[in-house]
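K.L.:
Got a structure for you, written out below as structure tokens; questions coming shortly.
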Amino acid sequence: MTWLRKAKEGLKAQQRRRELPDGLWSKCEECGEILYHKELERNLWTCGKCQFHFRISARTYIKILLDEGSFQERFSEVVSTDPLRFRDARRYVDRIKKARESTGLTEAVLCGDGTIEGHPLVAAIMDFDFLGGSLASAAGERIARSILQAIESRHPLVILSSSGGARMFEGILSLMQMAKTNALLARLSDAGVPYISILTHPTTGGVTASYASVGDVILAEPKALIGFAGPRVIKQTIRQELPEGFQRSEFLLQKGMLDRIVHRSEMRKTLAWLLRFFAAAERLPHPPRRRAGESLARFRAASGPIPSPVGHAPTAAPSPVPERGTSPAAAPEPESSPPSPAGAKPSTE
Amino acid sequence: MNGTWLDFEKPILDIERKIEDLRGLATPESPEAMEELVRLERKADRLRKEIYAKLTRWQRVKLARHPRRPYTLDYIKVIAPEFVEMHGDRKFGDDPAIVAGFAVVEDMPLVIIGHQKGRDTKENIYRNFGMAHPEGYRKALRIMRTAATFGVPIVTLIDTPGAYPGLGAEERGQSEALARNILEMAHLKVPIISVVIGEGGSGGALALAVGDVVLMMENAIYSVITPEGCAAILWKDATKAEQAAEALRLTASDLLELHVIDELQDAVMRHVRSLIGTPKQELLDRRLEKYLKMGVYLEEATAAANGAPDASPPDPAPPPA
Ligand SMILES: [Zn+2]
């Protein structure tokens, strides 16, 4: 009878496929809910039922998060080469070519500057669809240049991560990008320029073991898989099943590894609030900053020219007091919290 | 001679056995045996040179993991017999997979920190095969900060398959522990000399290896992923590790070529002495510069020149409303 059931199921699956023509419907990876593309779009590619956040492209994040038309792409000229002449079944250069064609990006990270509600920022947005959002020489160099740009402009840095880790095809050079980016982030911190790290589904491996985990503020989208080792590797190592919800945003928040979980629909508002807060902090009287800027001149040669950022500080001095009352669901919030997801179930508590 | 030997070492082992046997017979009264002994010793030397010069990358991986290789505490015993080990991260626990402590070498105070593997099964369980948990990396950072407080140079010895991938490690923030060390090591205002003495396994190695100088033993490896892990992902077959080891280019001479390590020698003290007088900011600037230069990439005149659409590509995911 098994064969019959299987055959029937196969038939049903086929019918389902027919009922779901490409481009109209999608099935939620998490809860299986069938979702209209129109509705998905309206919800910024999140499931209305279980709040699962679909993976979206770097350019889509730019559209969602930044002020319209404010984004100026930088460092796109920095691209991968093939230093190890790496090949397995395919050549690394062919993989890059294919990734470029399928994503329209030239690397796994899209860098630039822009504004959010008028507040200037330097942004680096990773794209998982480009070779699993993996970190290698060119991506590392782009991020390094973005960090330098943030130090020189004193505009806050936002890195949104979505990555399987360091890229194998560039071997040890990929690993070294973790040192390169974090060594510069140490200077960013010296200079007193804020760094907000946003973790999305999934962020693992070398990226979590470097810049993604050292933000002054670390935010994550709900239910994102975040960890050092992937679940498969851990399962193989410890030879037991992993607990429900292990390595998801909510688990990390509980373990003290995140500041907040922010629904995609609230991310722009939260970032705007944080940028306003840090802008207010920047205006406080400060003892002279350490010589971050002057000592950096020598690194420009190592890391290419730094463009002057286009962002402008908002004219009216904003108050760092958050708009409260937008989020009745977030009762146990501390005094100075940014607004939390209003429409969505607040996943922070 | 007990212990484990690798297949390609067998010819050397055979001669060494013969030499052992002859030693008992070779006396001044038997000049023939003496001659034979000298001949065999020369042959063993030649064979050793020949075999080790021609090793494949995969064979070097095996050497780097050789169970008879000296580990961190073996080096410490020789160079710093007065070593005083310090314990604990002051947050969660003490991790025996990383040893850290104070030493005085040639009148120079040093902090020495390294991954520690076990020699037998029992010891390996205690040392977790040299795979540290977050508390190991946090202990290392705590003691490195102590070193910086007192201006003491730091020597790190790298020998790990990788940071431990387990439940507790993830719960306690393995990634954060590694990331924090990598960032803080760029900050520490004392000379840092890192030596890859065996296996330099990915982030778990780098988290102790952001040094002013990175040295590597001849038959050590340093890699973004284990050859087995790489093979499992790319070839879908962990037995293709030999091919992966070739592709990854993870030996000391590869890394020298890729400008990741500085030179092939173990003269740690020479580097400590040459760095100790460096002004602190200069030291940090040079360390940063070293890592900024790492990576091989192209700078295209225009992205489009390489056939890459960049200006306004079609969005792979449908745009939001
Ligand atoms: Zn769902």
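K.L.:
So between residue B:299 and residue B:121, what do we pick up on full extension, going 0.36 nm a residue minus the alpha carbon distance?
P.N.:
On the way: separation 178, 0.36 × 178 = 64.08 nm, distance 5.05 nm.
Here the answer is 59.0 nm.
K.L.:
Placing unit charges on C-beta atoms (Lys and Arg positive, Asp and Glu negative, everything else neutral), compute the dipole magnitude of the stretch A:20-97 about its Cα centre in debye, rounded to 20. Mind showing how you got there, number by number?
P.N.:
Details: 14 positive and 13 negative charges, 73 e Å.
Dipole size: approximately 340 debye.
K.L.:
Determine ³J(HN,Hα), in whole Hz, for all residues of the stretch A:274-284 in sequence, where each value follows from phi through the Karplus function 6.51 cos²θ - 1.76 cosθ + 1.60 and θ = phi - 60°; x replaces Gly and Pro.
P.N.:
Listing the rounded values in order: 5, 5, 5, 4, 5, 5, 5, 5, 5, 7, 5 Hz.
K.L.:
On a straight-distance basis, which lysines could pair with residue A:180 in a cross-link, Cα separation under 20 angstrom, same-chain partners fewer than 8 positions away excluded?
P.N.:
Those lysines meeting the cut-off are B:189, B:280, B:290, B:293.
K.L.:
What is the distance in Å between the Cα centres of the stretch B:204-227 and the stretch A:144-191?
P.N.:
When both Cα centres are located, 20 Å separates them.
K.L.:
Amide H to amide H, which residues 5 or more places from residue B:160 or on other chains are under 5 Å from it, using H placed in the peptide plane?
P.N.:
Long-range HN contacts for residue B:160: B:199, B:200, B:201.
K.L.:
What GluC sites (Glu not before Pro) in the stretch B:140-235 are in a loop by DSSP, with at most 16 other Cβ atoms within 10 Å of the Cβ?
P.N.:
Here the sparse-neighbourhood loop sites are B:218.
K.L.:
Let me ask something else. Of all beta bridges DSSP finds with both residues in the stretch B:33-168, what is the antiparallel percent, to the nearest 5?
P.N.:
If we restrict to bridges inside the stretch B:33-168, about 75 percent are antiparallel.
K.L.:
Taking Cα atoms of the stretch A:55-282, Rg/Rh with Kirkwood Rh, to two decimals?
P.N.:
Numbers: Rg = 17.0 Å, Rh = 17.7 Å.
When Rh is taken as the Kirkwood radius, the ratio is 0.96.
K.L.:
Okay, moving on. Explain nothing, just compute: Karplus ³J(HN,Hα) = 6.51 cos²θ - 1.76 cosθ + 1.60, θ = phi - 60°, for every residue of the stretch A:30-47 in order, whole Hz, x for Gly and Pro.
P.N.:
Here the 3J(HN,Hα) series is 8, 10, x, 4, 7, 10, 5, 4, 4, 5, 4, 4, 4, 8, 6, 6, 10, 6 Hz.
K.L.:
Based on the inverse mean of 1/r over its pairs of different Cα atoms, what is the Kirkwood hydrodynamic radius of the stretch B:143-234, in Å? Don't jump to the answer; show the numbers that get you there.
P.N.:
Values: mean 1/r = 0.0716 Å⁻¹.
One over the average 1/r among Cα pairs gives 14.0 Å for the stretch B:143-234.
K.L.:
Right, here's the next one. How many percent of DSSP beta bridges within chain B run antiparallel, rounded to 5?
P.N.:
Working: 12 of 30 bridges.
Of the beta bridges lying entirely in chain B, close to 40 percent run antiparallel.
K.L.:
Out of all DSSP beta bridges with both ends in the stretch B:147-251, state the antiparallel percent to the nearest 5.
P.N.:
Working: 1 of 14 bridges.
Roughly 5 percent of the DSSP beta bridges within the stretch B:147-251 come out antiparallel.
K.L.:
For the stretch B:18-114, how big is the tail of P(r) above 20 Å, as a whole percent of Cα pairs?
P.N.:
Values: 3013 of 4656 pairs.
Pairs farther apart than 20 Å: 65 percent.
K.L.:
Show me A:65-77, A:271-283 ranked by packing, highest mean number of other Cβ atoms within 10 Å first.
P.N.:
Working: A:65-77: 18.0, A:271-283: 19.6.
The densest-packed peptide leads the list: A:271-283, A:65-77.
K.L.:
Right, here's the next one. Hey, can you grab everything whose amide H is under 5 Å from the amide H of residue A:158? Only 5+ residues off in sequence or another chain; H modelled, so Pro and N-termini drop out.
P.N.:
Residues meeting the criterion, in which the H sits 1.01 Å from N, are A:122, A:123, A:124, A:196.
K.L.:
Then there's this: Enumerate the calculated ³J(HN,Hα) couplings along the stretch B:273-288 in order (Karplus 6.51 cos²θ - 1.76 cosθ + 1.60, θ = phi - 60°), each rounded to whole Hz, writing x wherever the residue is Gly or Pro.
P.N.:
5, 6, 8, 4, x, 5, x, 4, 5, 4, 4, 5, 5, 5, 5, 4
K.L.:
Still on this structure: Taking H placed 1.01 Å from N in the peptide plane, check which residues at least 5 places from residue A:135 or on another chain put their amide H under 5 Å from its amide H.
P.N.:
A:165, A:166, A:167
K.L.:
Can I ask one more? Quick one: dipole size for the stretch B:134-271, taken about the Cα centre, charges +1 on Lys/Arg Cβ and -1 on Asp/Glu Cβ, in debye to the nearest 20.
P.N.:
Values: 11 positive and 18 negative charges, 128 e Å.
That gives the stretch B:134-271 a dipole magnitude of about 620 debye.
K.L.:
Within chain B, what is the longest stretch that has no chymotrypsin sites (Phe, Trp or Tyr not before Pro) placed in a DSSP loop and near at most 15 other beta-carbon atoms within 10 Å?
P.N.:
Numbers: sites that count: B:5, B:92, B:150.
Looking at chain B, B:151-321 is the longest stretch - no exposed chymotrypsin sites (Phe, Trp or Tyr not before Pro) with at most 15 other Cβ atoms within 10 Å.
K.L.:
List the chymotrypsin sites (Phe, Trp or Tyr not before Pro) within the stretch A:227-271 that DSSP assigns to loop and that have no more than 14 neighbouring Cβ atoms inside 10 Å.
P.N.:
Passing sites in the stretch A:227-271 do not exist.
K.L.:
Hey, could you grab the Kirkwood Rh for the stretch B:7-54? Inverse mean 1/r over distinct alpha carbon pairs, Å, one decimal.
P.N.:
Details: mean 1/r = 0.0894 Å⁻¹.
One over the average 1/r among Cα pairs gives 11.2 Å for the stretch B:7-54.
K.L.:
Grab the DSSP H runs of chain B that are 4 residues or longer, score each as -39,500 (n - 2.57), total them, divide by all residues and round the 222 nm result to the nearest 500 deg cm²/dmol. Numbers along the way, then the final one.
P.N.:
Values: 14 runs with 144 residues, N = 321.
Only helices count here, giving -13500 deg cm²/dmol.
K.L.:
Along the three principal axes, how long is the stretch B:64-292 when you take its alpha carbons, biggest first, rounded to the nearest angstrom?
P.N.:
So the extents along the principal axes, rounded to whole Å, are 50, 39, 32.
Since every read-out is calculated from the coordinates, none of them should be taken as a lab result. Values in this document were obtained by computation on a predicted structure and should not be read as measured data. Note: ideal-geometry Cβ built from the backbone for every residue, glycine included; neighbour counts use all protein chains shown.
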